[in-house]
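Just so you know, all these numbers are worked out from the coordinates, no wet-lab data involved. None of these values were measured; they are calculated from a predicted model. Reconstructed Cβ throughout: ideal geometry from the backbone, glycine too, with neighbour counts over all protein chains shown.
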């Protein structure tokens, strides 16, 4: 039996082994100086590539430390607030004077001081909240009572 492909001139191309590239070889038409530059470039690339695992490891450690700090700072809360231009100026003055490292620290201090100054107000608010909760519980009790 003859194979139809045998007579058609179709020949499977033989695959040759991939050419190995040596960064240190001179290529056709390349001068000595060009080869040196190529060698330096290849060396720099290898240098950078060898540092990638170390860099990734350092990034991972930094992320872990940041997460740990964020989780351990459970007494600190971030609140976005709008302030007047004059309040912003005062906060900036505290930072510029070096009293606080950031606007957030200065604003937190001012909020805490404002709460201390207004303690009587917060006492009354707490009493009213307790009264509101008592009334809600009373209403829930009325709804849950079923006529006999």
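Worth pointing out:
- Order of 94, 56 under a 10 Å beta carbon neighbour criterion, fewest first: 56, 94
- As a rough footprinting exposure proxy, the listed residues 109, 122 were ranked by other beta carbons within 10 Å of their own, and the order from fewest upward is 122, 109.
- For 140, 103, the sequence from fewest to most other C-beta atoms within 10 Å is 140, 103.
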